[in-house]
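All remarks here apply to the structure that follows.
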Amino acid sequence: MNLSVIGGGSWGTAFSLLMARQGHAVRLWVRESAVLRNLESRRVNETFLPGFPLPEDVSFHHDMDDALRGCDFVFIAVPSPYCRSLYLELKPRIRRRHTVVSLTKGIEEGSLKRMSQVMEDVFDPRDRPAIAALSGPSFAREVASGLPTAVVAAGVLPETAAAVQRLVSGPTFRVYTCPDLIGVEIAGAVKNIIAVAAGISDSLGYGNNARAALLTRGLSETARLGIRCGARPETFSGLAGLGDLMLTCTGDLSRNRKLGLELGRGRTLEEITSGTPMVAEGLPNSLSAIALARRLGTEMPIGETVFRVLYKGLNPQDALRELMSRSLKEE
């Protein structure tokens, strides 16, 4: 199968390597000229995924038409703030025969729409492709290393999820289908915010009890928002919900947890973000997810507190005291 991967960051690069190992011909689109030159000369993405040479089955492209040529499946792995502009770039090139799969975990700021909804906004309804999302606990470096990973595919239509499952599954990468696209996308976005809180807690030395409480209550408010949006409750106990939340809140490779760790050590947001090209999705998602929760009248105390730490100058230690002193209630 010939397929396109749009986005030369860590996840797009790791996913391209995974697909090539499974026998697919991959056309990887890269926007950054320096990253593209590095890939063309050494076949290694030194900026975002050093240490993993890409095989000859992966070709590198800066021209979008070249990247899409002969490909029916298009996987999009760019940070959520850039997705709409990327979809607009794709729009004149995408047809009904295509299946477009979001690998992005986020909610768009402003519109407060999930990535699949943004696709439906952008792509021509008369020639709209099949739309799906692939999500779950999947650190890019572990996928690139060939370590066992399990995720879920959810589509606007069940047959789309099944098609993605058949294409992507392999010896080290197991894909389940999920009928709940809303829940999968909400879970993928909100877990990034909870991971920032977990990193702050760990940095301040609050211990395992506090981390377990954050994960549990964080999952509760994630599910509350998702259900309010029309998701199924059971989605949040699966790979896209609990699984991804556990990984992002506890794993040392988590960018969002690292962001929280640095905030807990007293560094400013500007200091943290200026030193890395990586995007921690907890930053834009803390704006969009909290705005969505407010619009829907959904209580998200952990999410609100993280938002205030990131953007309103709330001291991390004061944040914990506020959470612990909230009015008592039934679980």
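Only the coordinates and a few stated rules stand behind these numbers; no lab work does. The shown structure was predicted, so the numbers you read here are calculated from the model rather than taken from an experiment. In this analysis, Cβ positions are derived from the backbone assuming ideal geometry, glycine residues included, and neighbour counts consider all displayed protein chains.
Relative contact order of the stretch 35-152, taken over Cα pairs closer than 8 Å and 6 or more residues apart, is 20 percent. If the viscosity is 1.002 mPa s and the temperature 20 °C, what translational diffusion coefficient in µm²/s does Stokes-Einstein give for the stretch 110-254 when Rh comes from Kirkwood over Cα pairs? The estimated diffusion coefficient comes to 134 µm²/s. Given their separation in residues at 0.36 nm each and the Cα-Cα distance between them, Tyr176 and Lys329 gain 51.4 nm when the chain is fully extended.
Extension gain, Leu314 to Asp252: 0.36 nm times the residue separation minus the Cα-Cα distance gives 19.8 nm. Overall form of the stretch 87-176: prolate. Here a/c, set by the Cα gyration tensor axes a ≥ b ≥ c, is 1.5 or more, and a/b is the larger of a/b and b/c. Extent along the principal axes, Cα only, for the stretch 210-331: 39, 32, 28 Å, with the longest axis given first.
Over the stretch 187-232, the fraction of Cα-Cα pairs per 10 Å bin, rounded to whole percents and listed from the shortest bin up, is 28, 48, 19, 4.
Only beta bridges with both residues in the chain are counted; by DSSP, about 20 percent of them are antiparallel. The stretch 101-147 and the stretch 1-57 have Cα centres separated by 18 Å.
Counting only lysines at least 8 places from Lys258 when in the same chain, those with an alpha carbon closer than 26 Å to its own are Lys105, Lys191, Lys312. The C-alpha radius of gyration of the stretch 73-126, expressed as a fraction of 2.2 N^0.38 Å, stands at 1.04.
Computed from the alpha carbon atoms alone, the convex hull of the chain holds 126 Å³ per residue. The alpha-carbon of Lys329 sits under 19 angstrom from the alpha-carbons of these aspartates and glutamates, leaving out residues fewer than 8 places away in its chain: Glu221, Glu299, Glu304.
Give me the extension gain from Ala162 to Thr268: residue separation times 0.36 nm, minus the current Cα-Cα distance, reported in nm with one decimal.
The Ala162-Thr268 span can extend by a further 33.7 nm.
How high is the relative contact order of the chain, given as a whole-number percent (alpha carbon pairs under 8 Å, six or more residues apart)?
After rounding, I find 15 percent.
Placing a label point 7 Å from the Cα of Ala25 along the Cα-to-Cβ line, no residue of the stretch 171-200 has its backbone N under 11 Å from it. The trypsin sites (Lys or Arg not before Pro) of the stretch 63-163 that DSSP puts in a loop, and whose beta carbon has at most 16 other beta carbons within 10 Å, are Arg69, Arg95, Arg96, Arg97. Helical content alone sets the calculated 222 nm signal of the chain at -14500 deg cm²/dmol, taking -39,500 (n - 2.57) per DSSP H segment of four or more residues and averaging over every residue.
The convex hull of the Cα atoms of the stretch 2-179, projected and averaged over all directions, covers 9.3 nm².
So what is the relative contact order for the stretch 182-324, in percent, with contacts set as C-alpha pairs under 8 Å and at least six apart?
The value is 34 percent.
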